[in-house]
Amino acid sequence: MIINSILRHFTKFESQTLGQQLIDQALTYKSDPRLDIAKGVGKRIGCIFLNPSLRTRVSTQIAAQNLGMEPIVLNMDKEGWALEMKEGAIMNKGTVEHIKDAAAVLGSYFDILAIRAFPTLTNRDEDVNDFVFGQFIKYCGIPVISLESAIRHPLQSLADQITIQENWKGKSKPKVVLSWGPHIKAIPHAVANSFSEWTLGMGHDLTITHPEGYELDQEFTKGASIEYNQSKALENADFVYVKNWSSFNDYGKILSTDHSWMLTEKHLKHAKNAQVMHCLPVRRNLELSDQILDGKRSLVQKQAINRIYAAQAVISHILDA
Ligand code: CP
């Protein structure tokens, strides 16, 4: 009943209780994917992409189909009309359709709307307030699932927590490290924010390591240890999550591409049993070495598989609401 009242929308971490319920449900679906094949019959989920995707797009469709639901994908960036997001805009420039009209139409076609909307990385206020995402929620009138917003990627984070739970064999809490990796492009903060939010929320200890200037928004990292010395942060790590993000304080800027931060076997000489995670897509031999990605430590393919069951658990609970 807690789930039913909370999950009108799935956009962020809500509570450890709900997180664990979703993990348990996802693991049940993983062992029997078609267990609830009748649950979504006659219902449709609209998957609206304002930005590219491989895993999120496909895993969400498989998840919906496992529940008997019909998924319809709209690549809004390529196939839809250019949307106007601002209230009261005089639409005499490039935008063709207002979000008020488009979201209301989509809300009448679907039972659930799932949306991917990346940040601008230029307008920090708009991004921090998840403006585009909020406009869809405001005007569609139906439950919304985040397929990654300007500041969070909760389905990825749920899959990551499932993967940690499945692969942790120790008795005490694991040491989890989020390690910044170099990149040539300005990358959003959503995966790093959400990983921190969910890892701390699920009661794990989290150390975050990055070059100075790459501090994340404290809203997501309260309770984590920040360690600028990567070698020290990685000592005795059990799980190392590698991710690039651009600067938050100097918003959207690339301050460093220091290759010494790319995780290699050498970095893990004092973390013999560390398992390595990345949400993918990964820039090989820039963020992470081939040796790690293709070796025994890597959990990246397991994380990607768990994307299906994370989405299935979330859709299932929203259908129950
Ligand atoms: N991890 C992830 O969200 O992958 P995609 O961007 O390919 O969906």
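What the table below lists for this structure:
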{"item": "Residues with amide H under 5 Å from that of A114, placed H, sequence gap 5 or more", "result": "G46, C47, I48, I145"}
{"item": "Average Cα contact separation per residue, region 1-84, under 8 Å, 6 or more apart, as relative contact order %", "result": "29"}
{"item": "Portion, in percent, of the accessible area of region 12-53 that falls on carbon or sulfur, probe 1.4 Å", "result": "49"}
{"item": "Solvent-accessible surface (1.4 angstrom probe) belonging to K185, in square angstrom, nearest 10", "result": "120"}
{"item": "Region 156-304 - charge dipole about Cα centre, Lys and Arg +1 at Cβ, Asp and Glu -1, debye rounded to 20", "result": "540"}
{"item": "Residues with amide H under 5 Å from that of E84, placed H, sequence gap 5 or more", "result": "V96, E97, H98, I99"}
{"item": "Cα-centre dipole for the chain with unit charges at Cβ (Lys and Arg positive, Asp and Glu negative), debye to 20", "result": "780"}
{"item": "Calculated from backbone phi, Karplus (6.51, -1.76, 1.60) coupling profile of region 130-146 in Hz, x at Gly/Pro", "result": "6, 4, 5, 4, x, 5, 4, 4, 4, 9, 8, x, 10, x, 10, 10, 7"}
{"item": "Cα→Cβ-extended label distance, 7 Å offset, between E79 and T95, nm", "result": "2.3"}
{"item": "Computed over the chain: relative contact order in percent, which uses C-alpha pairs under 8 Å that are six or more apart", "result": "21"}
{"item": "Residue-by-residue Karplus 3J(HN,Hα) for region 201-211, coefficients 6.51, -1.76, 1.60, Hz, glycine and proline x", "result": "x, 7, x, 8, 7, 10, 10, 10, 10, 6, x"}
{"item": "Distance violations [Cα-Cα > 20 Å] among K30/K243; K39/K100; K175/K222; K269/K302; K78/K185", "result": "K30/K243; K39/K100; K269/K302; K78/K185"}
{"item": "Under 5 Å, built H, 5+ apart or other chain: amide partners of V276", "result": "V240, S298, L299"}
{"item": "Phi-based couplings in Hz for region 224-235 (Karplus 6.51, -1.76, 1.60; Gly and Pro marked x)", "result": "8, 8, 9, 10, 6, 8, 4, 4, 5, 4, 7, 4"}
{"item": "Residue of M91, M69, M262 that the Gaussian network model of the chain assigns the largest fluctuation, springs spanning Cα pairs under 10 Å", "result": "M91"}
{"item": "Accessible area, probe 1.4 Å, largest first, for residues R283, R55", "result": "R283, R55"}
{"item": "Within the chain, helix-based [θ] at 222 nm, where runs of 4 or more DSSP H residues each add -39,500 (n - 2.57), nearest 500", "result": "-11000 deg cm²/dmol"}
{"item": "Positive-end extreme of charge dipole, the chain - chosen from I151, I208, L7 (charges on Cβ)", "result": "I208"}
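The values are calculated or read from the model by the stated rules, or taken from the named source; none is laboratory data. Owing to the predicted nature of the structure, the values given are computational and were not obtained by experimental measurement. Glycine also receives a Cβ, built like all others from the backbone with ideal geometry; neighbour counts cover every protein chain displayed. All accessible areas refer to the heavy atoms of the entire protein, side chains included, with ligands and DNA or RNA removed. Shrake-Rupley method; radii C 1.70, N 1.55, O 1.52, S 1.80 Å.
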